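**Student:** My questions all concern the structure below.
Rule-based calculations on the coordinates, nothing more; no lab input. Keep in mind that what you see is a predicted model, and the values were worked out from it rather than measured. Backbone-built Cβ (ideal geometry, glycine too); neighbour counts: all protein chains shown.
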Amino acid sequence: MNDWSRAASAGSTAGAAASAATFSGNRGLQIEEKLIFEQDSPGHCGVDLPEPAPFDGRLGGLERQGPIGLPGLSEPQVVRHFTRLSQKNCAIDSGLYPLGSCTMKHNPRLNEKLARLPGLADIHPLQPVSTVPGALELIDTLAHWLKTLTGMPAIALSPGAGAHGELCGMMTIRAALEARRDPRRRVLVPESAHGTNPATAAACGYSVDPIPANARGRVDRAALEARLGPDVAALMLTNPNTCGLFEDEIVEIAAAVHRAGAFFYCDGANFNAIVGRVRPSDLGIDCMHLNLHKTFSTPHGGGGPGSGPVALAASLAPYAPLPWLVHGENGLDLVEHRRGEALAAIGRLKGFHGQMGMFVRALAYMMSHGADGLRQVAEDAVLNANYLRVLLEGDLSLSFPGPCMHEVLFDDRFLKDTQITTLDFAKALIDEGYHPMTMYFPLVVHGALLIEPTETESKAALDEFAAVVKALAGAARAGAAARFRAAPLLTPRRRLDETLAARQPLLRWRPVAPRREAAE
Amino acid sequence: MTERRFTEDHEWVRLDGDLAVIGITDYAQSQLGDVVYVELPEIGHRVEQGKEAAVVESVKAASEVYAPISGEVAEVNEALAADPAKVNADPNGEGWFFKLRLDDPREFDQLMDEAAYQRFVAEQH
Amino acid sequence: MRYLPLTSRDRGEMLATIGVGSIDALFAEVPAAARLDGLVDLPRAMGEIEVERTIAAMAARNLAAGSAPFFVGGGAYRHHVPAAVDHLIQRGEFLTSYTPYQPEVSQGTLQYLYEFQTQIALLTGMDAANASLYDGATACAEAVMMANRVTGRKRAVLSGGLHPHYREVCETYARFVGFALAAQDPAPGEAEDLAPLIDSGTSCVVVQNPDFWGELRDWSSLAQACHDHGALLIVVVTEIVSLGAIRPPGAMGADIVAAEGQSIGNSLNFGGPYLGLFASRDKFVRQMPGRLVGQTVDADGKRGWVLTLSTREQHIRRERATSNVCTNSGLCALAFTIHLALLGEAGLTRLARLNHAAAVALADRLEKLPGVRIANRTFFNEFALRLPCPAAPAVEALAARGVLGGIPVSRLYPDRPELADLLLVAATETVTEADMDRLALGLAEVLS
């Protein structure tokens, strides 16, 4: 029986608050909201547009033959609809989001204001370069900040998100190896790595060798070195790793990787732990992607957009994807084709130039913090995570003893014999008003609970959070399994049947009565 | 019908005339959780012992199903497309995956029998 | 520092609780050689006033589209976004929420993505759509890779009318992921016969409608030719507003649609973030990249939504994933959903008519200029103008006159001298008669 079924059968233990019936189905501020397709006023419109005077069209007979099927609503209806939807969501603005490996820090509103300046938001990527010198200046400034923080001489800015940046990095590595006429077939990836790492390596045509962790939670250096050979193209390593631990043998590992003629790719998702305190270039890294939507505060937006620039060592810089921003005789210029110094570029990874909207936000963030503030970010992030570690290690099972970096990893040993799983524990946390921590990742421990508070949480917020987690852990061990298995009870929806969703995929609304479709 | 034999990847196989019927064990289905989809091989496709022959998906995981023996796919269990839950409900019967025309009966003989498999599963914990 | 809540006193107390003397003790694992003892060589922290002044100065050096007669398209279009859209997407529960992995507290995000997926399916005439990808160009590459998976083949034919950035992205992916492309040459104004290029090794044919030059075509017979050979037809749409007026890809037999959604809800933003749209037939749904939202019920039997078919994705299949895509373009998808909800059937069709009317009016005017011809037989809101001279210097000269007159095709095809006299001109509902006058006048001056 899956977890949803258990939640359903535990419904009878729901508390009085959860079962207070209303006529509307609404519960106070929590409103039941239909789909827009179920609120259609045919012919209605929330935008007033003039009707053009009659004219001879030039669509060549390819006019649409039937209705599209979109609903019509007025502006008040649309505003109310999406406002109500927003009220069903957790958000950083509303509360602590302890999601390990996501870096859910505060999203400054200055970033939003500046990204909307017409001189930045209302410019087209293909208008003449001579009309957008300020845009190039901004991109160049961002590049300078990121190169300085990473210590790397070059940076590719076009990738659309972290996973895209990983793809970019691995493509430059493969291009460099091909240029050396030394094609290699294997990539080493720790077992604790984020799923995008092996997916990316496989996408680039490499076979993936997983490397186990050692008892201290770091990558097993001996196992790694045993797998190195002349057919290894790269090691993909996250540092600090997904267990929240600094790979203390990283310099030796880098040396071994280089001795084998391979490249060292670093997944920079956890850069928040070390920004301003450690320079990745000093660790021997050749290639590292950054997540502007993690370390540099651009908003998560419910799943993007992100931005994944890739810092590159000199050995990989010639292969960076287009476009390149170069300092020419007449100032900054864009190189959009493979010629001149960009002859060996791997080509284009994305349309146009990159996630400019996220560049503006990230630059505003970095300038606001400055060199001193960014260093403080890393220190406070690490301090906050260790504070939670110490507050919670007596109640939860700390996976690896000793200090952590910006995130702390627990596993489900503390739930042994309680009939409560990591999932149940997380769902109970939801009723307490918190989005759960990352669950079941990394895979190297059983029932992982990965907590990353970030530096934008106050000590009071951490104290409150820790108190609730401790109370829940106590309740779990005291045998309150039913409460956990029924959770969450106080949310807009209780546990949802994911099995049904996967067995009978319903991926869109369809009208109940058949409508006239476009002629086939 | 013969008795069943087992692999360490939790597949079972039994002989039915000149065909070998293959499925996943009760232990495997309980580990997977609710099965939501099964990707079956094409009829006529050749599979090799130990190589991937099918994929079984639950909500949270997708696992390869390896061919316990080599052969040519003769039949697949079409009923699983509409009702993948059969794999959970009756993994040893209606939840079968595919049938092979086997190459070499000795491959079958060399697999674990039921007692050995139960011991193997007990050791997993 | 305004974004850091910890005080010195807090830090001291917390260090004491942890049992270390200083923060440096928590960085002890960092190899000595890699420790930065001082600050990196970057400016110190700045208040809002100074950050705003610095970045606004950069912004002020740019000629914004709203400050000039504006006719630039080429895969990104300037449309009016109603004021309500930007207010709604900035609600904290949308802006600062995470991917909806905990569906009980993400029904807002999941419901709007379900609405978005429905809108895309309706617009494109397809069965199912995903919850977005990075942009149209990467969606195009993902479509080709999906066609390769579905057919088990590895060669794609690309129309010469495909946006060159889209082709270039496909080429990059082809080189590294390992498949072949037969990219046709650009031939504006000429008919393209792609059917003879399809054989038993072809996974798909990729066409764009309207194409890069703005030309419209019925691809139904090509769809048939593809299917006769067991190949898929992929149709790319770079101007999604066109689907308010023209026959959708689904009605022409398309198997996959890869499109750019920027035109609805999203500003030009100098090229990003944009919005990749992806739709396909039901039978291919399990091969789709990206996230999918599905409907289900909760423990009380109430309708709700979850991310589904996740076993295709990187966090489960890892090296066997359909794609490595994780973060996509959520907030841009929300802006699209809200804008399209405001437009509705009546609004979108009227908006599309306005766009076409503007382009027709502009074409009528420009065709009258001596030596100027329109290369298109048909168009929606963008067409290719053949000038009696190279287009690039003409565009610079227009810019000097404060007119953003379009895209010289040579910017995207620098090595094709036969295309150097082509200018791509777009006209949306934001273009006025006065704007068109200034372009016509400016061009006339520049050409004389």
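**Student:** If you take the alpha carbon radius of gyration of the protein assembly as shown and divide it by 2.2 N^0.38 Å, what ratio comes out, to two decimals?
**Tutor:** 0.92
**Student:** Would you work out the charge dipole size for chain A about its Cα centre, treating the Cβ of every Lys and Arg as +1 and the Cβ of every Asp and Glu as -1, and quote it to the nearest 20 debye?
**Tutor:** For chain A, the charge dipole is close to 860 debye.
**Student:** Based on other C-beta atoms within 10 Å, arrange C:Leu268, C:Leu15 from fewest to most.
**Tutor:** If I rank by nearby Cβ atoms, fewest first, I get C:Leu15, C:Leu268.
**Student:** Just to compare against my own numbers: the Cα pair-distance distribution for the range A:371-501, 5 Å bins, whole % per bin, please.
**Tutor:** 2, 10, 19, 22, 19, 13, 8, 4, 2, 1, 0
**Student:** Which residues does the label zone of C:Glu48 cover in the range A:57-100, counting backbone N under 19 Å from a point 7 Å along Cα→Cβ?
**Tutor:** Correct set: A:93-94.
**Student:** Oh, and also: Send over the semi-axes of chain C's equivalent ellipsoid, whole angstrom and largest first, taken as the square roots of 5 times the C-alpha gyration tensor eigenvalues.
**Tutor:** Largest first, chain C gives 41, 31, 23 Å.
**Student:** Within 10 Å of each Cβ in A:272-279, how many Cβ atoms from other chains are there, averaged over the peptide?
**Tutor:** Other-chain Cβ atoms within 10 Å of each residue's Cβ, averaged: 4.
**Student:** Quick one: which residues, 5+ away or cross-chain, put their amide H under 5 Å from the amide H of A:Arg348? H built at 1.01 Å from N.
**Tutor:** Amide H to amide H, under 5 Å and 5 or more residues apart or across chains, A:Arg348 pairs with A:Leu322, C:Thr172.
**Student:** Assuming R0 = 41 Å, can you tell me the calculated FRET efficiency for the pair A:Arg510 and A:Ala53, based on Cβ-Cβ distance, to the nearest 0.05?
**Tutor:** Here the calculated transfer efficiency is 0.65.
**Student:** Now for a different question. Using a Gaussian network model on chain B with a 10 Å cutoff between Cα atoms, which of B:Arg14, B:Arg106, B:Arg46 fluctuates the most?
**Tutor:** Judging by the Gaussian network model, the answer is B:Arg106.
**Student:** Where does the range C:143-191 land on Rg/Rh, using Cα atoms and the Kirkwood Rh?
**Tutor:** Result for the range C:143-191 is an Rg/Rh of 1.00.
**Student:** Could you pull out which residues in the range B:4-22 have an amide N less than 18 Å from a spot 7 Å beyond the Cα of B:Asn92, following the Cα-Cβ vector?
**Tutor:** Correct set: B:4-16, B:21-22.
**Student:** How far apart, in nanometres, would the label points at A:Ala482 and C:Arg149 be if each is projected 7 angstrom from Cα along the Cα-to-Cβ direction?
**Tutor:** 4.5
**Student:** Oh, and also: Along the Cα-to-C-beta direction of B:Ala116, a point sits 7 Å from the Cα; which residues of the range B:45-68 have their amide N less than 16 Å from that point?
**Tutor:** The answer is B:50, B:68.
**Student:** Based on the alpha-carbon set only, what is the convex hull volume of the range C:34-123 divided per residue, in Å³?
**Tutor:** Given the Cα convex hull of the range C:34-123, per-residue volume reads 279 Å³.
**Student:** Just the projected area, averaged over all directions, of the convex hull on the alpha carbon atoms of the range C:382-448: how many nm²?
**Tutor:** 4.3
**Student:** Using bins 10 angstrom wide from zero, how does P(r) for chain B break down, in % of all Cα pairs?
**Tutor:** P(r) for chain B, in whole percents per bin: 14, 49, 33, 4.
**Student:** Restricting things to alpha carbons, find the Rg to Rh ratio for the range A:155-242 using the Kirkwood radius for Rh.
**Tutor:** 0.97
**Student:** Could you quote the convex hull projected area for chain A, Cα atoms only and averaged over all directions, in nm²?
**Tutor:** Here the figure is 30.6 nm², rounded to one decimal.
**Student:** Another question about this same structure. If you take the beta carbon distance between A:Glu32 and A:Ala314 as r and set R0 to 60 Å, what does 1/(1 + (r/R0)^6) give as a FRET efficiency, to the nearest 0.05?
**Tutor:** 0.55
**Student:** Rounded to the nearest 0.05, what FRET efficiency do C:His87 and A:Ala222 have when you use their Cβ-Cβ distance and R0 = 51 Å?
**Tutor:** Efficiency at R0 = 51 Å is approximately 0.35.
**Student:** What fraction, in whole percent, of alpha-carbon pairs in the range A:110-365 exceed 30 Å separation?
**Tutor:** The answer is 25 percent, as a whole percent.
**Student:** How big is the range A:13-139 by the Kirkwood estimate over distinct Cα pairs, in Å?
**Tutor:** Computed over Cα pairs of the range A:13-139, the Kirkwood hydrodynamic radius comes out at 21.1 Å.
**Student:** Counting other C-beta atoms within 10 Å, which of A:Thr242, C:Thr202 has the fewest, and how do the rest follow?
**Tutor:** The order, fewest Cβ neighbours first, is C:Thr202, A:Thr242.
**Student:** Quick one: give the max-minus-min coordinate of the C-alpha atoms of the range C:83-339 along each principal axis, largest first, in Å.
**Tutor:** Largest first, the range C:83-339 extends 56, 40, 31 Å along its Cα principal axes.
**Student:** Normalise the Cα radius of gyration of the range C:106-241 by 2.2 N^0.38 Å (N = residues in it) and let me know the number.
**Tutor:** Relative to the 2.2 N^0.38 Å estimate, the range C:106-241 comes out at 1.07.
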